[in-house]
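*Asks:* Pasting a structure below so you can have a look.
No value in this document is a laboratory result; all are computed from the given coordinates. Please read all numbers here as calculations on a predicted model, not as lab measurements. Note that we place each Cβ from the backbone using ideal geometry, even for glycine, and neighbour counts take in every protein chain shown.
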Amino acid sequence: MNDRSIRLLHVDDDMAFAEMVAQFLRQEQGDFTVETVSDVPTALDRLESEEFDCVVSDYEMPGETGLDLLRAVRERWLDLPFVLFTGRGSEEIAAKAISAGVSDYLQKSGGVEQYTVLANRVENLVTGHRSERALRQRIDAIETAREGIALVGSGGAVTYANHAFAETFGYEDEGVVGRRAADLFVDDTFETEIRPTLAEEEWTGEVLMCRRDGTELLADVAVSRTAGDELVCTVRDISADERREHDLFVRSRAMETAPFGIVVTDPSLSDNGIVYANEGFERLTGYTESEILGENCRFLQGEATDSESVAAMREAIDNEEPVSVELRNYRKDGTAFWNRVLISPIRDDEGTVTNFVGFQEDVTEHVETRRENEAVFERVSDAFFALDREWRYTYVNERAAELAGRSVEELLGTCVWETSPEEVDTVFEREAKRAMETQKTVAFEEYYPPLDAWFRVRLYPSETGLSVYFRDIGEQKATERRLDQRTEWIETFGDVLSHDLRTPLAALRGRLQLARETGADEHFDAAEESLARVEALVDDLATVMREGSLVGDQSVVDIGRVARTVWTTIDTPEATLRVEGVRPVRADEQALMRLLQNLFRNSVEHSSTSSRPWADDSVEHGSTSPRSQAREDSVEHDSTNGRPEGEDAAAVEEGGEHGESTVTVTLGMLDEGGGFYVADDGPGIPEGERDRVFELGYTTKPAGSGFGLMSVQQIAMAHDWELSVTESEAGGARFEIRGVETSKGDDTD
């Protein structure tokens, strides 16, 4: 197996699909070795017994999910690359995967290009993991090497010593730094033999050296000179060779062969010039050693270098503190790369900074991947932010900042309860703390008064903090309310319209019976009018069901004419209609006809006999007897223009053919408020019942349905009119309809 080969463990319960993926991956990358298993327990067994470079897992599998596998892997292998490759993608699964430490998240698609993407993702993750592991291993190797390694400055003092070097001579880790290197030798070998030799070549040999307590040791020593006139000294205590012979490591050699750049600067030189650069730094930048030495690291900067990162490094160096930044630098050929720079001061035994050491690594791929992920979060229309365990913002997308009324920069690092005190003692605070305590996902809906908005909130806890998604659902709430209203309306509309159809149908049956009995054409004419009314109501039904409204297009309507037309459909030989001083109104004519029809019918039915209770549903006992004869030819017309009730206005009257008038129904205009009224001189409505008469199903008849006045109220509300009931001047019922737009023209008969 070569250094580029990758062993991949693929976990998917669909073995046919898993084998297909393995085949595509082998085609994409010839160095891929793919092992396939179908469940989580088997995958964990394979990981325990074999070494793999990466795990690719489906999410939804029988028993345990891909997230369960991810959590188990992270408990044993913290940094093993893990890709969640799933066909069931969602923000919740992605958030949980990120919280659990997933390396990458890829959703299955229908094309073969997904396998190229998967192969590239796996290769990049493994390459990055290997580089990071190598970097850590080399740094750890220097610090933990059993061979003593030290740097000696041009003045002859030790400027750096690893733990093994200090321990060899009986010092604490930093205790030997600042000591004269010559003092570590028993005799003057350092000055008389080693230094002169270094002008031409490296010095190696066995020599007696002196510990801090005065005891001597025989050491295998190698000393070489750097380009910056520093000495790299390695010491191996060969008096304890059996204990350490396999653990000695030459720091200078490690620095030279490190895959990342290492530079050492000397703050005593002009502009803190570079005194050492390893081969890794030369490869990273494209500059040669002669072009690097003496320069300040600023020579790598360019037009796109972040000034804030540069300022952070300058401040740390001025304060003699460690610093780590990522910034865009430029190679000798002009190509840009993202450079992760770690700078640390090197101090002598007195604590004085003698040098700065800088580790530099090309992290372009890592930075670009991270920025792509952040861009994905920013493209999400939902608001999203992340909090640490101290409730401080660690990430905020633009939508969340917009809702908070602050910039992302203002929020980062602040405590959510201090930034948004209005959230204290709310559902959000309670649920957020519950999610953190239970480490379980929480979802809820909450009304947020400062924004007058409803939000659906999802909380995803983890060991490091809390991820919060919230979406504005105000439009959804409004839609739900409209649907509830629509459902209620649909449930009642059929009954209401059916109720309105019964009156003209009853009149139609009565006229047809009279026509059969008498053969008079006038009954056929009246029956035709009732039939036309039925057809109009059916048309209304179609229109309303299309438009979802009891009222269609409105226009200026002659309410007097409409009233007289409606009156002809009411079976009322004993009743009289008076139309007094009315003016045209703006309304849906068909809806207005239904409104007047129900009001007229209620007045007539209520007053037709004293034994009948008020508010009977007249259609329940609509007559089909010969008494339902036509009365349209008995109309008396006002000799003058109509005037409002209270003036000496003549009335339009319609009565029975025998002149009987057990009840008089009056249509007139209201003096104030804009509108009209329908009054009668019947027994009236008891005051205690007036608030209930418009309720759905309210009736005083055992067989009544109670839809008549409810229909009146529905039509009035659909016009944005106000409907009320009171007592008429004659002691009967008076229905007042206000908020009606009336014409400024002349009154009509």
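*Asks:* What's the FRET efficiency of Ser555 with Glu431 using the Cβ-Cβ distance as r and R₀ = 56 Å, to the nearest 0.05?
*Replies:* Numbers: r = 54 Å, r/R0 = 0.97.
Using R0 = 56 Å, I get an efficiency of 0.55.
*Asks:* Another question, if that's okay. Can you sort Trp77, Trp391 so the residue with the fewest Cβ neighbours within 10 Å comes first? Could you put the intermediate results ahead of the total?
*Replies:* Values: Trp77 13, Trp391 18.
Ascending number of Cβ neighbours within 10 Å: Trp77, Trp391.
*Asks:* Further, regarding this structure: Assuming 0.36 nm per residue, please report the length gained on full extension of the stretch Glu174 to Glu193 beyond their Cα-Cα distance. Each step should come with its number before you reach the end.
*Replies:* Details: separation 19, 0.36 × 19 = 6.84 nm, distance 2.71 nm.
Working it through step by step, the gained length comes to 4.1 nm.
*Asks:* Run the quick spin-label model on Phe444 and Ala730: label points 7 Å from Cα toward the beta carbon, then report their separation in nm to one decimal.
*Replies:* Here the answer is 6.3 nm between the modelled labels.
*Asks:* Describe numerically, in nm with one decimal, the distance between label points set 7 Å from Cα along Cα→Cβ at Arg71 and at Thr42.
*Replies:* It works out to 2.3 nm between the two label points.
*Asks:* Here is a follow-up. Along the principal axes of its C-alpha atoms, what lengths does segment 380-472 span, in descending order and rounded to whole Å?
*Replies:* 30, 27, 26
*Asks:* Now for a separate question. Can you compute the modelled spin-label distance between Val424 and Ser270, with each label point 7 Å from Cα toward Cβ, in nm?
*Replies:* The modelled label-to-label distance comes out at 5.9 nm.
*Asks:* Taking the number of other C-beta atoms within 10 Å as the exposure measure, put Thr464, Thr662 in order starting with the fewest. Walk me through the intermediate numbers first.
*Replies:* Numbers: Thr464 13, Thr662 18.
By the 10 Å Cβ count, ascending: Thr464, Thr662.
*Asks:* Another question, if that's okay. Based only on other Cβ atoms within 10 Å, what is the fewest-to-most ordering of Lys96, Lys332? Intermediate results must be reported in sequence, preceding the final value.
*Replies:* Numbers: Lys96 22, Lys332 13.
Going from sparsest to densest Cβ surroundings: Lys332, Lys96.
*Asks:* Taking R0 as 60 Å, what's the FRET efficiency between Ser239 and Trp417 from their Cβ-Cβ distance, rounded to 0.05? Let's see the in-between values first.
*Replies:* Details: r = 62 Å, r/R0 = 1.04.
Step by step, r from the Cβ atoms, then E = 0.45.
*Asks:* Post the alpha-carbon centroid distance, segment 186-233 to segment 404-433, in whole angstrom.
*Replies:* Cα centres, segment 186-233 to segment 404-433: 62 Å.
*Asks:* Note the full-extension length gain between Gln513 and Arg7 as 0.36 nm times their separation in residues minus their Cα-Cα distance, in nm to one decimal.
*Replies:* On the way: separation 506, 0.36 × 506 = 182.16 nm, distance 9.55 nm.
Between Gln513 and Arg7, full extension yields an extra 172.6 nm.
*Asks:* Please check which bits of segment 99-131 a label hung off Glu64 would reach, taking the label as a point 7 Å along Cα-to-C-beta and the cut-off as backbone N under 15 Å.
*Replies:* Answer for segment 99-131: none.
*Asks:* If you don't mind, there's one more thing I want to ask. Go through segment 723-737 residue by residue and turn each phi into a ³J(HN,Hα) via Karplus (6.51, -1.76, 1.60, θ = phi - 60°); whole Hz please, and just put x for glycine and proline.
*Replies:* Karplus values, whole Hz, x for Gly and Pro: 10, 9, 10, 8, 9, 7, 4, 8, x, x, 8, 9, 9, 10, 10.
*Asks:* Can you figure out the FRET efficiency of Glu689 with Ser109, using R₀ = 41 Å and their beta-carbon distance, to the nearest 0.05? Intermediate values should be presented prior to the final figure.
*Replies:* On the way: r = 68 Å, r/R0 = 1.66.
That pair, Glu689 with Ser109, gives E of 0.05.
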